[in-house]
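Q: Submitted below is the structure of interest, expressed as structure tokens.
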Amino acid sequence: MPLLTASLGDSAFCGDMPILFGQGMDTPEGGMVMFVLLSAGMAAPLVGALAIVAICLIFSALKAVPAPYRKLEPRLVWPLLVPVLSPIWSFVVFSRVSRSYQGYFAARRRTEHGGCGETFGLSFAIGYALCWLCPIALYLGSRDFLTACALSVPCLIVLGSPTVVLLIFYLVKVVGLNKYVTD
């Protein structure tokens with residue numbers, strides 16, 4: 001039975017790819033396509049759910065800070081849901097949320113909270129940006145989409161795991177600061 005393919009010409013992105021999952025999966029390229037699709041299909045809902053929970057927690061933490069001390073409006077944390085914008089915007093959000101708490105506590109002459117999680121937040125933003133840059137760099141280096149996807153999975157596991165831990169540390173710190181806000 002001939003393999004049904006969708007020809008995209010000599011594109012470095014796909015080339016000839018199987019249309020139906022049952023066809024061509026016995027070849028190395030077909031197996032790689034299935035691996036990439038399954039990995040992305042399993043990871044996307046988990047990453048999306050984590051992002052929504054994290055953004056809701058950041059929103060509530062920033063909303064707890066009285067308005068005069070906020071360095072960012074709470075509604076401006078939602079652009080973190082925009083995939084292309086989020087690696088850049090995370091630097092702004094995480095530093096400004098921490099600085100909002102720092103300003104609030106400095107006005108009350110309370111220094112026991114230190115940087116209010118700013119180091120964790122900026123470390124997370126750096127790791128998150130690297131998680132975005134890794135697959136792009138691998139694709140630009142190989143010019144082969146399947147190779148870049150295959151190499152991105154271990155790269156994202158190595159970079160993503162500590163990045164998620166830094167996000168959790170940041171959220172615990174910032175959400176824990178809510179109980180010290182008395183206005």
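Here, each number is a calculation from the coordinates, and none is a lab measurement. On a predicted model such as this, the values are computed, not experimentally measured, just so you know. Backbone-built Cβ (ideal geometry, glycine too); neighbour counts: all protein chains shown.
Q: Which ones in the range 109-122 are in contact with a helix residue (DSSP H, G or I) (Cβ under 9 Å, 6 or more places away or on another chain) and surrounded by fewer than 18 Cβ atoms within 10 Å (Cβ to Cβ)?
A: Within the range 109-122, 110, 111, 112, 113, 114, 115, 119 qualify.
Q: Taking residue 90, is it under 14 Å from residue 174 (Cα atoms), among the polar types (S, T, N, Q) and touching a Phe, Trp or Tyr at 6+ places or on another chain (Cβ under 7 Å)? Give the steps one after another, and end with the answer.
A: Working: under 14 Å from residue 174 (Cα atoms): no; among the polar types (S, T, N, Q): yes; touching a Phe, Trp or Tyr at 6+ places or on another chain (Cβ under 7 Å): yes.
In short, no.
Q: Is it the case that residue 129 is among the small types (Gly, Ala, Ser), surrounded by 15 or more Cβ atoms within 10 Å (Cβ to Cβ) and touching a residue at least 60 places away in the same chain (Cβ under 8 Å)?
A: Spelling it out, it is not the case that residue 129 is among the small types (Gly, Ala, Ser), surrounded by 15 or more Cβ atoms within 10 Å (Cβ to Cβ) and touching a residue at least 60 places away in the same chain (Cβ under 8 Å).
Q: In addition: Across the range 134-181, what is the number of residues that are part of a helix (DSSP H, G or I) and either in contact (Cβ under 8 Å) with a residue 40 or more places away in the chain or buried (at least 16 other Cβ atoms within 10 Å of the Cβ) (or both)?
A: 29
Q: Quick one: count up the residues across the range 82-108 that are among the aliphatic types (A, V, I, L, M), buried (at least 18 other Cβ atoms within 10 Å of the Cβ) and closer than 13 Å to residue 126 by Cβ.
A: Residues of the range 82-108 that are among the aliphatic types (A, V, I, L, M), as a first pass: 82, 84-85, 88, 92-93, 97, 106-107.
Narrowing the set further to residues that are buried (at least 18 other Cβ atoms within 10 Å of the Cβ) leaves 93, 97.
Next, only the ones that are closer than 13 Å to residue 126 by Cβ stay: none.
Total satisfying the criteria: 0.
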